[in-house]
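Contents: one structure, followed by commentary.
The values are calculated or read from the model by the stated rules, or taken from the named source; none is laboratory data. Just so it is clear, the structure is predicted and the values come from calculations on it, not from any experiment. Neighbour counts are summed over all protein chains in view; Cβ atoms, including those assigned to glycine, are modelled from backbone coordinates with ideal geometry. Keep in mind that these areas ignore ligands, DNA and RNA; they rest on the heavy atoms of the full protein, side chains included. Shrake-Rupley method; radii C 1.70, N 1.55, O 1.52, S 1.80 Å.
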Amino acid sequence: MFDSLSDRLNGTLDGLRGKGKLSEDDINKAMREIRLALLEADVNFAVVRDFVAKVKERAMGAEVLDSLTPGQQVVKIVHEELTSLMGTSGAKLSFANKPPTVILLAGLQGSGKTTAAGKLARLLAKQRKTPALVAADVYRPAAIQQLQTLGKSLQVPVFERGTADPVETAAWGIEQARAQGRDVVIVDTAGRLSIDQEMMDELVRIKQKVKPHDVVLVLDSMTGQDAVATAEAFREAVDYDGVILTKLDGDARGGAALAVRAVTGKPILYTSVGEKLDQLEEFHPERMASRILGMGDVMSLIERAQEEFDEKQAADMEAQLRRGEFTLEDFLDQLRMVRKMTRGQGMAGLLGMLPGVGRQIKNMKVDERQVDRVEAIILSMPPYERRNPKLIDGSRRRRIAAGSGTNVQTVNQLLGQFKQMQKMMKQVGKGKMPQFPGMPRR
Amino acid sequence: MFNTGTEQVAVADDPEERSGGLFRRMRDSLSKSRRAMTQQLQAVMFDPADPEVWERLEEALIMADCGVPATVEVIERLEAESDAGGLTTGEELRTRLAEIVAELMTPPGDPRIDVSHRPSVVLMTGVNGTGKTTSIGKIAHHLREADMTVVIGAADTFRAAAGEQLETWADRAGADFISSQSGADPAAVAYDSVAAAESRGRDVVIVDTAGRLHTQDHLMDELRKIHRVIGQRLAGAPHEVLLTIDATTGQNGLQQARLFAEAVEVTGIVLTKLDGTAKGGIALAIAHELGLPVKLIGIGEGLEDLRPFDPVEFGHALFDADA
């Protein structure tokens, strides 16, 4: 998601990597590139200035110049400073001791509040909470219907009173939710401009009336330099507790997030990465910083794999691995699991998370039909062949090629790759390699 | 605002009205956000020998989301004029700044919306939350004011309640509404809308589409299909493909414009939400890099809050001290 920024930084820092000693000129050149990269990533101007100054100060210091690999040291400094700018740990919503917990969503028009409300409700329901939604956007046509549609698909109640006063409606909705024993209430408000005094006052009145446990600013990750002004204005009005960053499935570099965090000190709680209601993820600053630097987001990948991976399947496979068995059937299972993990983002989205892949993959379209072909080949084998590929001789290969609509070369290729994998898996089974992504740690 | 094919209807471009306040509101709203920048520009007396002056100017443009390449272009032009001795006062500097911005934002071609065909088809595109539906309501309203009949087609069959939102706007504007089932094929809805306009003898068809990120290949393919199907129903259509860009958008706006233009031959930008604190400088970057003109600006949530884009006014509104 931050591809271009990491491109830029990597481009500059790759040049530094090979150097034994850095001149001040080298450092200045690198700082200029970092500055431009951050500006193009929509990081606020003032934040960029501070950031570059800090990095430069440390880069000029003894820790770099005395180092044998000053280039590496600059990379390390940029990474550390970026991480600290993004925040230090995953922040969480706070929940009331005495339910219901009230969460108030606010933000500009079109930032994605209503969708975020639906996603948050789904996430909370998954965490065994009983959420309810309150529609306090009485201005945008059909905003209430939109929330109702989302609520219906989630089987979460939506409380609304048409275009009645939003302050009263919010309070009333929470009472309804309480009466029905719901333990979290998410209040969706109308989008508003930070300079619209009347509307900002309304938001303040809603906050005063319903006394939310969490106020959340919904911020579009594509926002430019204005993000800081908006974030500051909302902070002054309702002093929100955290931010949901939306539309991160695009290619926006998301510098707005860096800036908002740096200027307001408010944590990013969740990132929203698609239009499907399950696409709300926890925000991890250190992972994000790694990602910015093109180091890949391995943790998120592992987490997603764990979530999608069937526990029993995993246990079975682990047992098989210990016995040194890895069959084409397992391979097929894995393939299907990978496909499940890509969850509509496509293979490229998944590969983008792998270390070092980000840059190369950017302009490359992964051929997902390749996966289909492999599947077709394996499915053209009877089970005993899948379990014992050694049986597959020349005539069997021709039969498999014909059955899968491929050719013998493709079948050979797959069997060759599989043999390699089998070898690797044997080593994993003997504990010679760390567990591969997808295996739950136990 | 519109090229209706009948000359006298083009009231919106009357210079009389323009000076009388057509852009007043835009300037008013822009001036709020501009205060900080203007103060910066005024704070330094213009002295070409002072490198800090140029840095401040650069800063101001970057802060307005104009992006690095467009900022460099503007600054280099100014520096060249300054070196040639053409600029000596802060006032001259500000005036030239605005003029250069205006020049960069005036690509060749008709800045009006082409609705001279019968029916004319306008396809509305953009990423999620940029204001497509609201803009359609406003465009329909302005067309009705110009005595033209309008059909609005709801080809956003994806987002919850998108159709209801659009229908409300169609009612307000007094336009026909062609609805669709949620999950229906958007290209089929677009086709039906054009067919309805033809059979009912309406002047303009505006087709709404679902918001989509330019990085979602399958959705961009869907958009291509909508575009293609409209052309199959009516040769030469759509006559306008408008892309909404939210004025708060940062440098990603450039990528949005680039990929949408690649997919469906965008004819112009609708720059929305200019009534906030955002300066909309990304439109300068888009014009500079892609040569795509801004055709309309959105400055509020009412039916009236749509204006034709005027690069000179925009340039002045960005930098003029007293606007």
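Note on residue A:57 and residue A:232: their simple-model spin labels are 2.1 nm apart, each label 7 Å out from Cα toward Cβ.
Do any of A:126/A:247; A:126/B:273; A:129/A:211; A:98/A:247 go past 27 Å between their Cα atoms, and which? Violating the 27 Å Cα-Cα cut-off are A:126/B:273; A:98/A:247. From the alpha carbon centroid of the range A:92-124 to that of the range B:159-173 is 25 Å. Average 1/r across all pairs of distinct alpha carbons in the range A:101-294, invert it, and you get the Kirkwood radius: 16.6 Å. Would you mind checking which residues have amide H under 5 Å from residue B:268's amide H? H placed 1.01 Å from N; only 5 or more apart, or other chain. It is B:241, B:243, by chain and number. What FRET efficiency would be calculated for the residue pair residue A:96, residue B:200, taking the C-beta separation as r and a Förster radius of 56 Å, to the nearest 0.05? Efficiency for this residue pair is about 0.50. Angle of helix B:217-233 to the longest C-alpha principal axis of chain B, folded into 0 to 90 degrees and rounded to 10: 60°. For the range B:143-217, GluC sites (Glu not before Pro) meeting the loop criterion (DSSP other than H, G, I, E, B) and having at most 11 other Cβ atoms within 10 Å: none. Under 5 Å between amide hydrogens, built in the peptide plane, is the criterion, and for residue A:241 it picks out A:215, A:216, A:217 among residues at least 5 positions away or on other chains. For the range B:146-163, 3J(HN,Hα) computed residue by residue from phi via the Karplus equation (6.51, -1.76, 1.60; θ = phi - 60°) reads 8, 6, 10, 8, 10, 10, 10, x, 8, 8, 8, 9, 9, 5, 4, 6, 4, x Hz, glycine and proline entered as x. Sequence-ordered 3J(HN,Hα) estimates for the range B:307-315 from the Karplus curve with 6.51, -1.76 and 1.60 and θ = phi - 60° stand at 9, x, 8, 10, x, 5, 4, 4, x Hz, glycine and proline given as x. Between the amide H of residue A:223 and those of B:250, distances stay under 5 Å, these residues lying 5 or more places away or on another chain, with hydrogens modeled in the peptide plane. A drop of at least 40 square angstrom in accessible area, chain alone versus all protein chains together, probe 1.4 Å. Which residues of the range B:240-286 meet that? Residues shielded by partner chains are B:248, B:251, B:252, B:273, B:277. Take the accessible area of B alone and of A alone, subtract that of the pair with a 1.4 Å probe, and the total buried over both chains is about 3200 Å². In this structure, residue A:398 and residue A:371 have a Cβ-Cβ separation that, at R0 = 22 Å, corresponds to a calculated FRET efficiency of about 0.45. For the range B:163-211, a reduction of at least 30 Å² in accessible area between the chain on its own and the assembled protein chains (probe 1.4 Å) is found at B:164, B:165.
Computed over chain B, the per-residue total of -39500 (n - 2.57) for DSSP H runs of n ≥ 4 gives a 222 nm mean residue ellipticity of -15500 deg cm²/dmol, rounded to 500. Does a label point 7 Å from the Cα of residue A:282, set along Cα-to-beta-carbon, have any residues of the range A:223-260 with amide nitrogen under 18 Å, and which are they? Those under the cut-off are A:242-245.
Cα centroids of the range B:115-147 and the range A:385-427: how far apart, whole angstrom? Answer, in whole Å: 57. Principal axis extents of the C-alpha atoms in chain B (largest first, rounded to whole Å): 66, 43, 31. Among the GluC sites (Glu not before Pro) in the range B:252-323, those located in a DSSP loop and surrounded by at most 16 other Cβ atoms within 10 Å of their own Cβ are B:265, B:304.
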